[in-house]
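A.B. asks: Please read through the structure below; I'll follow up with questions.
What follows is calculated from the coordinates using simple rules that are stated; it is not laboratory data. Keep in mind the model is a prediction, meaning the values are calculated, not measured. Because the Cβ atoms are built from the backbone with ideal geometry, glycine has one as well, and the counts that use them run over all protein chains shown.
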Amino acid sequence: MEITIGSEKKARIQEGMIGLFFEDINYAADGGLYAEMLENRSFEFVKATGDACDYHVEYDGGYAWSPYPADAENRVKCRFVTGSPHSEENPHYMRLEAAQAGAGVRNKAYDGIYLKKGMDYKAVFWARCVKFQGAFELFVEKDGVRCAQGKISAGAGREETYNRFRKYELSLRAEADVERGDFVLCLSEAGIVELDFVSLMPCDAVAGIFRRDLFDMLKNLHPGFLRFPGGCIVEGNTLANRYRYKDSLKPVWARRNNWNRWAVHETKKENDYEGAYSHYNQTLGLGYYEYFLLCELIGAKPLPVMNVGFACQYQSKEMVGRDTAAFQEFVQDALDLIEFANGDTDTPWGAVRAEMGHREPFGLSMLGIGNEQWQTEEADFFERYEIFEKAIHENAPEIKLIGSAGPDVTSDRYTKAWAFYHAHEEQADFVYAVDEHYYVKPKWLYEHVDFYDDYDRKVKVFSGEYAAHPRNGFNMPQANTLDGALAEAAFLTGVERNADVVVLASYAPLFARMGYTQWSPDMIWFDGATCYGTPSYYVQKMYACNMGDAVLDTRGGEKTADADGLYHTASLCEGSGDIILKVVNAGETERNLTLTLPEGWRESPRIQAEILTGPERDAYNTLESPERIVPYRKTFRPGEGIVLPPLSFAVLRIGK
């Protein structure tokens with residue numbers, strides 16, 4: 001196959017075009033990137049059940065906690081009470097009555113505590129010693145052996161609140177590697193104490209917040225932006241369940257607990273409307289301050305998404321009228337968020353940011369208006385967008401707004417959305433880009449590489465949620481196949497070739513915890529100890545790290561090549577002068593490439609290549625074999641033929 005590359009620059013490529021989409025699905029935040037190791041640390045968890053337009057929650061403050069030792073029911077009494085709480089936002093706390101020394105409580109910690117030998121783990125809890133003067137003993141136990149432990153006297157607490165809760169901190173050092181251990185807090189003698197906010201964090205957590213291995217996976221992608229906090233999380237299955245970012249701008253123990261809308265995914269009559277993850281909650285430990293900080297630490301631009309007064313349109317008909325004071329609160333939330341991110345420290349919300357530890361602005365430049373909204377006779381999304389746009393640009397004209405095209409790219413919801421945005425295309429800055437979503441079979445992506453070729457160039461596109469779905473379902477790491485990743489890489493050749501209309505792109509979802517997953521496939525899979533990248537992860541990384549500055553003319557040869565299962569795009573890195581050629585060989589035989597380069601390039605240059613391939617289409621990585629499908633590097637020397645392996649994606653850097 002011959003590929004001809006011309007010197008003409010067809011389109012500029014948006015800097016940071018390839019980014020990330022984060023949503024707290026599949027235990028991506030609590031139990032995932034947020035490094036907290038315990039569940040239900042504030043005794044506020046609820047069980048969520050129900051079906052569309054009929055959801056309800058039941059308080060279950062003892063979830064994840066049980067008496068210690070296992071046969072201690074008559075010696076330990078745990079009650080979950082309120083009356084004089086540590087924080088008004090989370091009013092419940094545990095009243096622990098121990099009838100003998102060594103009695104206490106354990107936490108199940110998802111599927112158990114994982115420790116690394118030699119590492120320190122920071123324990124924090126608040127306690128009110130009602131009738132107790134001994135010591136608190138904290139430890140991680142596996143098969144009856146204490147693998148990490150610490151002790152602190154009741155009198156060592158500090159920062160006492162007006163109602164006598166005191167803060168206790170201690171460090172536990174792991175004496176061995178541990179998998180699926182138990183976290184235990186017990187009393188050195190009989191007594192009564194009241195506990196709240198019981199936390200355990202690894203001391204290597206980045207900024208004391210982010211689980212290090214998952215953080216590193218994100219940073220190594222070199223993403224251009226991070227869209228957060230979702231996704232359907234933004235809307236909630238009810239408006240009361242929506243993500244309220246202001247609830248997260250408080251000390252971690254004062255962030256109001258909320259149930260997670262993914263707790264009720266796939267509830268139905270057959271399971272009595274109670275799903276496997278009915279206790280999936282949000283502690284908001286990973287809140288908006290942390291999201292902005294994460295963006296700063298990984299070098300990504302923040303792209304938060306605002307609720308426009310709708311609950312999830314798939315799951316609810318709840319909305320506030322746009323002529324109500326309640327709707328104006330949603331608009332004001334957007335204005336206050338801009339002030340929180342960018343305002344001087346003498347502004348009300350800029351002062352909140354500074355008090356949380358970041359005096360300098362975060363540099364917010366983009367804002368999503370609505371997650372996955374569409375217009376109906378009842379749902380007036382277009383009118384709401386216009387109100388948000390006017391209010392935001394009157395106060396912060398520099399903010400680029402992201403609109404919504406709905407949940408797909410095939411229905412009249414999508415068609416109506418584009419008609420709306422095109423009707424305003426002469427209005428400067430009305431919309432920066434329109435968010436499109438598609439979760440599709442690999443075949444669709446291969447067949448629609450040219451999807452953006454004929455788009456009008458006046459309104460830009462954010463390819464905000466996409467993924468190939470060879471198969472899908474709960475807890476299916478086998479859904480992240482090589483073929484799915486190659487289809488995504490092929491589709492992205494068309495996205496890059498159309499960089500004059502597509503300015504942002506992000507795969508979704510990002511994270512999935514083994515055994516806790518509502519949605520497959522996903523980019524990064526993990527358990528309590530480790531993680532791995534899927535083939536889709538490496539496709540994203542290879543793109544993000546090799547985008548170039550301008551698309552080069554391939555003289556129409558891409559159309560013939562696409563039809564032959566060989567998808568490609570070329571760009572120029574103006575700093576190094578390299579041509580960056582991306583090529584997908586979707587076939588099951590190797591392919592020989594012949595390159596015709598622009599004038600000024602040697603006829604047979606030295607080429608540095610990065611190649612992703614695997615043994616068969618359905619191949620995938622696992623926790624046990626995390627590097628079954630990973631890129632490898634190869635140098636093609638002058639005069640050496642370029643051979644692409646079957647089922648491969650290659651990035652070729654061609655120097656003069």
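A.B. asks: What distance in nm lies between label points placed 7 Å from Cα along the C-beta direction at residue 240 and residue 100?
C.D. replies: Each label point lies 7 Å from its Cα, and together they span 4.4 nm.
A.B. asks: I'd like the GluC sites (Glu not before Pro) in the stretch 76-141 restricted to DSSP loop residues with at most 12 other Cβ atoms within 10 Å, sorted by number.
C.D. replies: The qualifying sites are 88.
A.B. asks: Taking the 0 to 90 degree range and rounding to the nearest ten, how far is the long axis of helix 412-423 tilted relative to the main principal axis of the chain, both from C-alpha atoms?
C.D. replies: 70 degrees
A.B. asks: For residue 541, go through the aspartates and glutamates and keep the ones whose alpha-carbon is under 12 Å away, minus same-chain ones fewer than eight residues off.
C.D. replies: By straight Cα distance, residue 541 reaches 610.
A.B. asks: Find, among the trypsin sites (Lys or Arg not before Pro) in the stretch 498-556, those assigned to loop by DSSP (not H, G, I, E, B) with at most 15 other beta-carbon atoms within 10 angstrom.
C.D. replies: Answer by residue number: 555.
A.B. asks: What does the charge add up to near residue 46, with Lys and Arg as +1, Asp and Glu as -1, over the other residues with Cβ less than 10 Å from its Cβ?
C.D. replies: -2
A.B. asks: For 232, 53, what's the fewest-to-most ordering of other Cβ within 10 Å of each Cβ?
C.D. replies: 53, 232
A.B. asks: Here's another thing I want to ask about it. Please report, in debye to the nearest 20, how large the charge dipole of the stretch 46-202 is about its Cα centre when each Lys and Arg carries +1 at its beta carbon and each Asp and Glu carries -1 there.
C.D. replies: 580 debye
A.B. asks: Between the stretch 105-138 and the stretch 581-627, how far is it from one alpha carbon centroid to the other, in angstrom?
C.D. replies: Distance between centres, Cα-based: 50 Å.
A.B. asks: Additional query: Tell me, what ³J(HN,Hα) does each residue in the stretch 351-362 have, in order and in whole Hz, if you take phi through Karplus 6.51 cos²θ - 1.76 cosθ + 1.60 with θ = phi - 60° and put x for Gly and Pro?
C.D. replies: 5, 4, 4, 5, 5, 7, x, 9, 5, 6, x, 7
A.B. asks: At 222 nm, what helix-only mean residue ellipticity would the chain give, in deg cm²/dmol to the nearest 500, using -39500 (n - 2.57) for each DSSP H run of four or more?
C.D. replies: Result for the chain: -5000 deg cm²/dmol, rounded to the nearest 500.
A.B. asks: Sticking with this one: Rank the residues 106, 497, 95, 637 as a footprinting-exposure proxy: fewest other Cβ atoms within 10 Å of their Cβ go first.
C.D. replies: Going from least to most buried by this count: 637, 95, 106, 497.
A.B. asks: Below 15 angstrom from the Cβ of residue 60, what's the summed charge of the other residues (Lys, Arg +1; Asp, Glu -1)?
C.D. replies: 0
A.B. asks: Let me ask something additional. Can you give me the C-alpha center-to-center distance between the stretch 311-378 and the stretch 450-490, rounded to a whole angstrom?
C.D. replies: The stretch 311-378 and the stretch 450-490 have Cα centres separated by 29 Å.
A.B. asks: Quick one: angle between helix 381-395 and the longest Cα principal axis of the chain, in degrees between 0 and 90, rounded to 10, please.
C.D. replies: The angle comes out near 80 degrees.
A.B. asks: Just need the Rg to Rh number for the chain, please, alpha carbons only, Kirkwood Rh.
C.D. replies: 1.00
A.B. asks: Collect residues whose amide H, placed 1.01 Å from N in the peptide plane, falls under 5 Å from the amide H of residue 511; neighbours closer than 5 in sequence don't count.
C.D. replies: For residue 511, whose amide H was placed from the backbone, the distant partners under 5 Å are 23, 523, 524.
A.B. asks: If the only charges are +1 at each Lys and Arg Cβ and -1 at each Asp and Glu Cβ, what is the size of the charge dipole of the chain around the Cα centre, to the nearest 20 debye?
C.D. replies: 1800 debye
A.B. asks: Moving on to the next point. In the structure displayed, which of 219/250; 47/167; 416/458; 108/142; 131/167 lie more than 19 Å apart, Cα to Cα?
C.D. replies: 219/250; 47/167
A.B. asks: Place +1 on the Cβ of every Lys and Arg and -1 on the Cβ of every Asp and Glu in the chain, take the dipole about the Cα centre, and give the residue among 495, 130, 50 whose Cα lies farthest towards its positive end.
C.D. replies: 130
A.B. asks: For labels at residue 599 and residue 365 in the simple 7 Å Cα→Cβ model, what's the distance in nm?
C.D. replies: 3.6 nm
A.B. asks: Taking 0.36 nm per residue of separation and subtracting the Cα-Cα distance, what length does fully extending residue 158 through residue 58 add?
C.D. replies: Computed gain between residue 158 and residue 58 is 32.6 nm.
A.B. asks: Summing +1 for each Lys or Arg and -1 for each Asp or Glu, what net charge is found among the other residues whose Cβ lies under 11 Å from the Cβ of residue 431?
C.D. replies: Spelling it out: positives minus negatives among the neighbours equals -2.
A.B. asks: While we're looking at this one, here's another question. Using alpha carbon coordinates only, what is the Rg to Rh ratio of the stretch 46-202, with Rh defined as the Kirkwood radius?
C.D. replies: Dividing the radius of gyration by the Kirkwood radius yields 0.99.
A.B. asks: Continuing with this model, one more query. Report, in degrees rounded to the nearest 10, the 0 to 90 angle that the Cα long axis of helix 288-298 makes with the longest principal axis of the chain.
C.D. replies: In the chain, helix 288-298 runs at an angle near 50 degrees to the longest axis.
A.B. asks: Which value, to two decimals, describes the C-alpha radius of gyration of the stretch 1-110 once divided by 2.2 N^0.38 Å?
C.D. replies: Here the answer is 1.89, to two decimals.
A.B. asks: What is the Rg over Rh value, at two decimals, for the stretch 38-103, using alpha-carbon atoms and the Kirkwood definition of Rh?
C.D. replies: Result: Rg/Rh = 1.07.
A.B. asks: Picking from 286, 203, 509, whose Cα lies most toward the positive end of the charge dipole for the chain (charges on Cβ: Lys, Arg +1; Asp, Glu -1)?
C.D. replies: It is 203, whose Cα lies furthest towards the positive end.
A.B. asks: GluC sites (Glu not before Pro), restricted to the stretch 395-449: which are DSSP loop and have at most 11 other Cβ atoms within 10 Å?
C.D. replies: Qualifying residues, ordered by number: 398, 426.
A.B. asks: Show log10 I(q)/I(0) for the stretch 598-656 at q = 0.15, 0.22, 0.23 Å⁻¹, two decimals, from a solvent-free Debye sum over equal Cα scatterers.
C.D. replies: After summing over all Cα pairs, the log10 values are -0.54, -0.87, -0.92.
A.B. asks: How much of the calculated P(r) for the stretch 468-547 lies past 21 Å, in percent of all Cα pairs?
C.D. replies: I get 30 percent for the Cα pairs in the stretch 468-547 exceeding 21 Å.
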